[in-house]
Each structure stands twice: as C-alpha cells, then as structure tokens.
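Trainee: I have a structure I would like to understand better, so I am pasting it below and will then ask my questions one at a time.
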C-alpha cells in the first residue's frame with residue numbers, strides 16, 4: 001500500500017486505487033474492502049467514479065488535505081463524495097444534489113459519515129444556498145446539465161477560498177448531442193479561459209467514461 005504523491009488520502013495497491021475507510025466495515029456502493037496493517041481501505045472503482053477515472057488516467061494533484069472543506073456539486077447517491085469523505089476525515093464535504101430521489105440514497109450515506117453535509121439544492125442557483133455554506137478549499141462539479149461550465153464558475157466565484165482550486169467533469173453529450181465532443185470540449189475550455197479561469201490540468205476519462213473531459217481550474221486573479 002502506497003500513498004499517491006499529490007493526492008492526499010489516495011493509495012495504490014495492485015493497480016487499484018483506494019481510500020482509507022472512514023467508517024470501517026461499511027460499504028457505500030458494494031466496493032471491495034481491503035485490510036492493510038490494521039487499517040481498512042475501500043477500492044475505488046473508476047467505472048463508478050469520474051474522479052477515480054481521472055486519477056488512473058494521470059491526474060497529478062488535488063489541493064486538499066485531511067482538514068479541507070469540499071463543495072461537491074451533483075453528489076447523486078454519494079459514491080464519489082464518500083471517497084472525498086475518506087480523504088478529508090477532519091474536514092467537511094458539502095454534498096449538493098438536486099434530485100429528491102437521489103437525495104434519499106445520499107442521506108443514508110451521510111448518516112454514517114459525520115463529515116458529509118447533504119444539501120437538497122439546485123447548483124444553477126447558488127445564491128439560494130449562500131446562507132447554508134461557507135468558503136471551501138475545493139469544488140468538484142459532476143452535473144449533467146447544458147450550463148455545467150457556467151454553474152461551476154458561479155459556484156467557484158461564490159464559495160472558493162482565494163488561491164484554491166476546483167475540478168469539473170465536462171459531459172459533452174449533456175451539452176449538445178449533435179456536436180462532436182472534441183468541439184464541445186474546446187468551446188467549454190474557451191468559456192472558462194475568457195471568464196478568468198486558468199486550466200491547470202486536462203484529463204480525458206476514456207476508457208472508463210465516454211465523451212468526458214476533466215479540468216482542474218483556478219480563478220486567475
């Protein structure tokens with residue numbers, strides 16, 4: 001078992017990546033549990049998590065530590081947010097989800113993970129949850145919505161601490177099914193750059209996710 005450089009709380013063993021389980025003996029999505037030197041780890045499935053796919057495809061760094069506060073946009077049932085929860089055991093994960101049905105599943109995860117805060121809100125309307133939030137150290141966006149870059153940028157401006165970073169997984173087919181994904185990726189990158197964002201890393205997610213691109217960004221003050 002070895003921790004990956006630049007990725008706090010992410011470990012590698014036998015070509016798999018893992019996080020140390022914050023809630024021992026408890027699975028979130030049927031993942032494999034591994035014991036190593038008295039600690040329990042959860043195998044992180046890249047076909048169930050775009051962040052895991054990005055890590056396996058060469059993501060170099062996530063600027064978080066064990067005390068970081070993370071805003072997760074598009075938390076769904078809690079698969080990837082639960083791994084963030086493992087990575088920031090002394091921090092917080094604000095898990096925002098729009099769908100009441102998915103929120104019911106997310107709540108079951110949050111009940112067992114005391115550093116996860118569920119928010120039933122719409123990521124396109126961040127001013128509605130201004131009074132529920134604080135400034136955070138990292139923002140992760142995984143929202144299947146045509147205006148995904150715009151909502152990511154607005155949340156970054158409202159909630160990100162200075163000099164901190166965020167990551168968006170761009171879903172080409174959610175933006176325009178008639179255009180080639182490569183064209184959409186270029187257009188979304190241009191939106192970010194012309195809006196004052198600097199792209200630090202760019203990672204394609206194939207073969208785990210088709211027509212997806214992950215971008216690590218910061219506001220270019």
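The values are calculated or read from the model by the stated rules, or taken from the named source; none is laboratory data. All values reported here derive from a predicted model rather than from experimental measurement. Virtual Cβ from ideal backbone geometry, glycine too; neighbours counted across all protein chains shown.
Trainee: Checking the condition farther than 18 Å from residue 166 by Cα and in contact with a helix residue (DSSP H, G or I) (Cβ under 8 Å, 6 or more places away or on another chain), which residue from 35, 45 passes?
Mentor: Among 35, 45, only 45 is farther than 18 Å from residue 166 by Cα and in contact with a helix residue (DSSP H, G or I) (Cβ under 8 Å, 6 or more places away or on another chain).
Trainee: Could you check, for segment 38-52, whether at least one of its residues is farther than 20 Å from residue 214 by Cβ and either exposed (fewer than 14 other Cβ atoms within 10 Å of the Cβ) or modelled with pLDDT under 95 (or both)?
Mentor: Of all residues in segment 38-52, those farther than 20 Å from residue 214 by Cβ come to 38-43.
Next, from what is left, pick out any that are either exposed (fewer than 14 other Cβ atoms within 10 Å of the Cβ) or modelled with pLDDT under 95 (or both): 38-39.
Looking through segment 38-52, at least one residue is farther than 20 Å from residue 214 by Cβ and either exposed (fewer than 14 other Cβ atoms within 10 Å of the Cβ) or modelled with pLDDT under 95 (or both).
Trainee: Quick one: in segment 1-11, of everything that is surrounded by fewer than 16 Cβ atoms within 10 Å (Cβ to Cβ) and either in a strand (DSSP E or B) or touching a strand residue (DSSP E or B) at 6+ places or on another chain (Cβ under 6 Å) (or both), which residue is modelled with the lowest pLDDT?
Mentor: At the first step, the residues of segment 1-11 found to be surrounded by fewer than 16 Cβ atoms within 10 Å (Cβ to Cβ) are 1-3, 5-6.
Within this subset, residues satisfying the condition of being either in a strand (DSSP E or B) or touching a strand residue (DSSP E or B) at 6+ places or on another chain (Cβ under 6 Å) (or both) are 1-3.
Numbers: 1: 88, 2: 92, 3: 92.
In this case the residue turns out to be 1.
Trainee: Go through segment 18-32 and count every residue that is surrounded by 14 or more Cβ atoms within 10 Å (Cβ to Cβ) and touching a strand residue (DSSP E or B) at 6+ places or on another chain (Cβ under 6 Å). Before the answer, list the steps.
Mentor: Narrowing segment 18-32 to residues surrounded by 14 or more Cβ atoms within 10 Å (Cβ to Cβ): 18-23, 26, 28-29, 31.
Imposing the further condition that a residue be touching a strand residue (DSSP E or B) at 6+ places or on another chain (Cβ under 6 Å) reduces the set to 18-21, 31.
Within segment 18-32, residues that are surrounded by 14 or more Cβ atoms within 10 Å (Cβ to Cβ) and touching a strand residue (DSSP E or B) at 6+ places or on another chain (Cβ under 6 Å) number 5.
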